[in-house]
Amino acid sequence: MTGPLPDTMAAPLRAAAGFVSFTEVEAGAHRSYNEWHLFDHLPEQYALPGVVGGQRWVLTPALAAAGATASAPLDRVHYVTLYLLAEPLDVTLTDFFHHGIALAKAGRFHQQRTSHLAGALRVECAHAAPAALVQPGVVPFRPGTGVHLRLEDAAAGPGPSDLGDAVLGVPGVAGVWTFAGAVPEDGPTAGLRLTCAWLDGDPSTVDAALTAALLPPAPDPGGASGPTFAGTLAAIDPHAPFGWFD
């Protein structure tokens, strides 16, 4: 059975913000990092009532070479993690950071990783591709093949409606969310917009189409708002050998 949902089934977004981390892992530590994050750290976040979702993707060497672009230091990134956070954001973020500190004190934090940018951005808009059938708010929870991410200056780059129209027209894109407005306002992500397109098609094929359809990410003309990034990352099989960088 297909078709739009009745209005009585439409639901508001549970997530009010996304916490994103662009991570580099030391050579030789990818297996231990993936095992730690997939089977320990990420599941632990669901102990917090304000964490409603969490995913991590890999920028494989093949996808990086195919068309990913990034300014320093994000040109060294191997993985991107996105946690979806619910209101009240001040409470959720306080719990989130305190939980991370507690896990680290318990010896349950990976030491051979560097997060080159980590911070929260408010959800700006959310759209689902018509072929996906689902509501925009549940797009992140569909089984997927990866994501296409853009990080750029919020004022200099295209607006969310323009980005959404361009991205949703590409086959293999299930939906797109944009995030803008740092939490707190002076946080590391201040002045940036993150666009996240969830994929259900072959990442390499979708990447080629998106690269052709989108301009490179826009930097701040004054160079004040931080780094830029654009690239397609693959979903991670938790039982894979994690050998992309061997």
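Quick notes on this structure:
- Within the stretch 110-133, residues that are under 19 Å from TRP177 (Cα atoms) reach partners that are assigned to a loop (DSSP other than H, G, I, E, B) and of a type in the set (Asp, Glu) with beta carbons closer than 9 Å, at six or more positions or on different chains, in the pairs ALA129/ASP200; ALA131/ASP200; ALA132/ASP200.
- Among (1) under 25 Å from HIS30 (Cα atoms); (2) surrounded by fewer than 19 Cβ atoms within 10 Å (Cβ to Cβ); (3) of a type outside the set (Asp, Glu); (4) modelled with pLDDT of 95 or more, the one test that GLY67 misses: (4)
- Residue in the stretch 165-184 that is modelled with pLDDT under 95, more than 17 Å from LEU84 (Cα to Cα) and either among the charged types (D, E, K, R) or assigned to a loop (DSSP other than H, G, I, E, B) (or both) present: yes
- Taking the criterion of being of a type in the set (A, V, I, L, M), in contact (Cβ under 8 Å) with a residue 40 or more places away in the chain and part of a helix (DSSP H, G or I), the only residue of the stretch 20-45 that qualifies is LEU38.
- Screening ALA11, ALA27, ALA72 for residues that are exposed (fewer than 13 other Cβ atoms within 10 Å of the Cβ) and farther than 30 Å from ASP207 by Cα leaves exactly one candidate, ALA11.
- Residues of the stretch 163-196 satisfying the condition of being β-branched (Val, Ile, Thr) and more than 17 Å from the chain's Cα centre (by Cα): VAL170
- Evaluated against (1) within 20 Å of GLY54 (Cβ to Cβ); (2) out of contact with any Leu (no Cβ under 6 Å at 6 or more places or on another chain), VAL183 falls short on exactly one condition, (2).
- Pairs, first over 13 Å from SER21 (Cα atoms) and polar (S, T, N, Q) in the stretch 71-84, second surrounded by 14 or more Cβ atoms within 10 Å (Cβ to Cβ) and modelled with pLDDT of 95 or more, C-beta under 9 Å, six or more apart: SER71/PHE229
The values are calculated or read from the model by the stated rules, or taken from the named source; none is laboratory data. In this text the structure is predicted, and so the values were computed from the model without any measurement. Here the Cβ is made from the backbone with ideal geometry for all residues, glycine too, and neighbour counts use every protein chain on show.
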